[in-house]
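The values are calculated or read from the model by the stated rules, or taken from the named source; none is laboratory data. All values derive from a computational prediction rather than experimental measurement. Cβ: placed from backbone, ideal geometry, glycine included. Neighbour counts: every protein chain shown.
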Amino acid sequence: MGQTDINSSNSLQEPVVTACAACETIPEDVLILTCEHNLCLPCAAANLHQSQQRAENSTFQSVICDECGVATVLDPASATELISLHMDLQQHI
């Protein structure tokens with residue numbers, strides 16, 4: 001039997017947060033997309049709003065990655081939160 005290294009890949013690691021794929025800032029809160037790129041929440045909210053305008057009859061709510069174009073389908077609760085955030089941000093402009 002061999003020895004097991006407790007520092008091997010089985011240990012939990014803190015995820016590395018990279019810049020928002022849209023605005024390139026380092027966000028405090030992120031939406032990690034299917035493609036593993038990140039969007040800050042304000043950019044994700046604006047992106048969802050744009051996606052909804054392009055696909056009025058779609059039953060899926062999705063965000064399109066600004067960096068690679070891959071769509072990430074959102075669950076209804078997350079989509080509702082982003083829609084609410086988008087409306088709040090629009091009131092402050």
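Worth pointing out:
- If the condition is being in contact with a helix residue (DSSP H, G or I) (Cβ under 7 Å, 6 or more places away or on another chain) and assigned to a loop (DSSP other than H, G, I, E, B), then the range 28-43 contributes only 29.
- Checking each residue in the range 60-93 for being farther than 20 Å from residue 38 by Cβ, assigned to a loop (DSSP other than H, G, I, E, B) and among the aliphatic types (A, V, I, L, M) picks out only 93.
- Residue match in the range 15-25 (condition: at pLDDT 90 or above and touching an Asp or Glu at 6+ places or on another chain (Cβ under 7 Å)): yes
- Among the residues of the range 32-75, just one is touching a Leu at 6+ places or on another chain (Cβ under 7 Å), hydroxyl-bearing (Ser, Thr, Tyr) and closer than 20 Å to residue 88 by Cα, namely 62.
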